[in-house]
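Working notes for the structure below.
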Amino acid sequence: MATLAEYCGQTVNLDVHTSKDYQFKKPTVSTLVEITFNNEIAPLFSHINVWGKSFKVNFENVDDIPGAKAEFLTTLNELNEAFICLSSKKFILSVFQSINTHLEQLTKIIRDKNGYPIPTYQYKSVMQSAIEDMLSIHGMSPKCNIGNGTLYNGERVLVNSGVTCITNLSSGLFSFFGFSPDRHSERQYSMLREKLLRGYDEGTWLNRVGDKPLVLAYKIMILSAFKNFLTTVVKYLATIADDTTCISLKDAAEEDIEHLQRELNIFVEQKELDRDALLGHSLVCENESYKQVVELGLGDAALTAFYESEAGDLILQYLSQCIGADSVSVFNPYQRASEYDDHGYVDEGYCSHYPLPGKKVRAAMVKLKSLIEGGEPFIASCFDKDNLHINVSGSSDFNQNTGESYNEREFLTINSGVLAPLAGSEEIIRFTFKD
């Protein structure tokens with residue numbers, strides 16, 4: 001497999017496509033073109049692998065073969081000019097500065113204007129900003145797409161163009177530079193984003209810690225992407241492989257990630273109820289299902305399994321009755337959101353946050369607050385009051401013919417601060433109240 005740099009001076013196949021055929025599905029004509037560079041070849045070009053047989057070009061007048069060739073060579077050389085800039089240590093420092101600027105503002109921008117946590121992909125904006133700033137300084141008119149790192153110079157597409165569509169740049173600049181977080185850190189933020197989607201004011205019993213977990217998880221995610229970027233660039237560029245600044249930046253990022261994760265674990269690592277205390281509570285030990293396990297003599301392993309899978313449900317059913325809920329369920333909101341995305345499901349009646357819950361739910365919240373704050377000592381022990389996050393949302397069915405909603409429901413959700421086995425570390429408890 002050859003690299004793009006190795007094609008210098010070679011004559012290659014060139015497929016000419018219409019100006020609107022950006023997916024390069026149907027060439028109108030094929031020709032030959034000699035690849036030439038106006039300036040030195042960017043060091044990064046030796047890591048752009050070419051695996052296709054023909055380069056591509058979009059051109060308005062497909063019958064103008066000389067014009068199509070000139071367009072291809074212009075795109076190639078503008079791409080080279082861009083990558084000369086991106087092959088420098090200065091670019092790495094620009095990415096670092098962009099990250100610092102972003103993180104300094106994070107507590108203010110962690111939620112958008114509608115109150116929702118910013119999307120996971122927003123971490124890419126720091127690389128986008130660094131690329132655009134770097135190339136602007138060098139007289140280009142860059143625009144980097146935040147989706148997958150498509151690069152434009154003015155109206156001309158450079159990355160995801162006919163030059164790069166048969167190379168390892170075909171999936172964009174972010175992928176090429178390895179600027180993506182470790183899967184664990186990305187999933188961690190995505191999970192918390194779904195759990196802490198909306199809430200009440202920080203510092204109240206409903207929301208003790210506010211957005212601290214979100215901020216910590218986002219910082220870990222973006223520093224993870226920066227660490228992976230540095231690892232990739234050092235591998236690409238021999239000139240900076242032993243650069244003390246780059247090495248120290250990578251080491252510092254790794255240390256920061258470990259430190260931030262320890263901070264975050266205080267909020268996300270779930271506490272557990274003592275097994276014997278839970279199994280010995282009257283709500284459990286006097287339940288017919290538990291008595292069956294004891295009577296059958298299934299042993300200690302069965303008791304542990306009952307503790308993990310059924311005992312928590314008995315407490316939740318009791319809580320549901322105490323606060324007057326119609327039903328209670330436990331589920332993983334991140335997993336549910338992923339399933340909805342996969343199937344294109346949209347709950348038209350869903351509202352993520354009720355600033356003023358209905359009277360029935362407010363009465364339930366008062367009762368729940370009393371229980372959590374010691375109304376029943378054992379029930380209170382089921383909650384970590386310092387990490388509580390409680391929200392009220394709702395939904396309703398929708399009549400497509402009349403445009404009216406019906407069957408309205410309010411959801412009182414406990415998103416964090418619940419001890420296992422009442423809910424898992426990624427799960428929430430939802431009490432449903434119907435009108």
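Which of the pairs K143/K212; K359/K385; K124/K250 have their Cα atoms more than 21 Å apart in this structure?
Over 21 Å Cα-Cα: K143/K212; K359/K385.
Can you give me the three principal axis dimensions of the range 234-326 from its C-alpha atoms, in Å, biggest first?
Here the Cα extents, ordered largest to smallest, are 73, 35, 22 Å.
As an exercise, identify the trypsin sites (Lys or Arg not before Pro) in the range 96-140 lying in DSSP coil whose Cβ has no more than 16 other Cβ atoms within 10 Å.
Answer by residue number: K113.
Give the longest segment of the chain that steers clear of GluC sites (Glu not before Pro) in DSSP loops with at most 16 neighbouring Cβ atoms within 10 Å, not counting the sites themselves.
Within the chain, the longest run free of exposed GluC sites (Glu not before Pro) spans 61-154.
Given a Förster radius of 25 Å and the C-beta distance between D182 and E272 as r, what FRET efficiency does 1/(1 + (r/R0)^6) yield to the nearest 0.05?
Given R0 = 25 Å and the Cβ-Cβ separation, E is 0.40.
For the range 324-435, what D do you get in µm² per second when you plug the Kirkwood radius from alpha-carbon pairs into Stokes-Einstein at 25 °C and 0.890 mPa s?
Answer from the Stokes-Einstein relation: 160 µm²/s.
Which is the longest part of the chain that has none of the chymotrypsin sites (Phe, Trp or Tyr not before Pro) sitting in a DSSP loop with at most 10 other Cβ atoms within 10 Å?
Longest site-free region, per DSSP loop and neighbour criteria: 52-344.
Give the ranking of C85, C322 by solvent-accessible surface, highest area first, calculated with a 1.4 Å probe.
C322, C85
So what does D342 come to for accessible area, using a 1.4 Å probe and Å² rounded to 10?
Here the accessible area works out near 130 Å².
Probe of 1.4 angstrom, ligands and nucleic acids ignored: what's the accessible area per residue over the chain, in square angstrom?
Per residue, the chain has 49 Å² of solvent-accessible surface.
Compute, for H281, the solvent-accessible surface of its heavy atoms (probe 1.4 Å) with the complete set of protein chains present, and express it in square angstrom to the nearest 10.
40
Using only alpha carbon pairs under 8 Å that are at least six residues apart, calculate the relative contact order of the range 298-400 and give it in whole percent.
31
Let me check I have the definition right: for the range 1-123, take the eigenvalues of the Cα gyration tensor, multiply each by 5, take square roots. What are those semi-axes in whole Å, largest first?
The equivalent ellipsoid of the range 1-123 has semi-axes of 37, 21, 12 Å.
Counting just the Cα atoms, what span does the range 278-326 cover along each of its three principal axes? Round to the nearest Å and put the largest first.
36, 17, 16
With every protein chain present, what accessible area does K250 have (1.4 Å probe, heavy atoms only), rounded to the nearest 10 Å²?
60
Please report, ordered by residue number, every helix of the chain (full DSSP H runs) that is 30 Å or longer along its axis going by C-alpha atoms and whose mean Kyte-Doolittle hydropathy reaches -0.5.
Those that pass (Cα extent of 30 Å or more, hydropathy at least -0.5) are 65-86, 212-236, 244-268.
How much length is gained on full extension from W205 to K89, taking 0.36 nm per residue of separation minus their Cα-Cα distance?
36.9 nm
Kindly provide the helix-only [θ] at 222 nm of the chain, computed as the sum of -39,500 (n - 2.57) over DSSP H runs of four or more divided by all residues, to the nearest 500 deg cm²/dmol?
-13000 deg cm²/dmol
Could you check how much of the accessible area of the chain is carbon and sulfur, as a whole percent, using a 1.4 Å probe?
48
With only alpha-carbon atoms in the gyration tensor, what are the semi-axes of the equivalent ellipsoid for the chain, in Å, largest first?
One finds semi-axes of 55, 25, 20 Å for the chain.
The values are calculated or read from the model by the stated rules, or taken from the named source; none is laboratory data. This is a predicted model, so every value here is computed, not measured. Cβ atoms come from the backbone with ideal geometry, glycine included; neighbour counts cover every protein chain shown. Quick note on the areas: whole protein, heavy atoms, side chains included, nothing else; ligands and nucleic acids left out. Shrake-Rupley method; radii C 1.70, N 1.55, O 1.52, S 1.80 Å.
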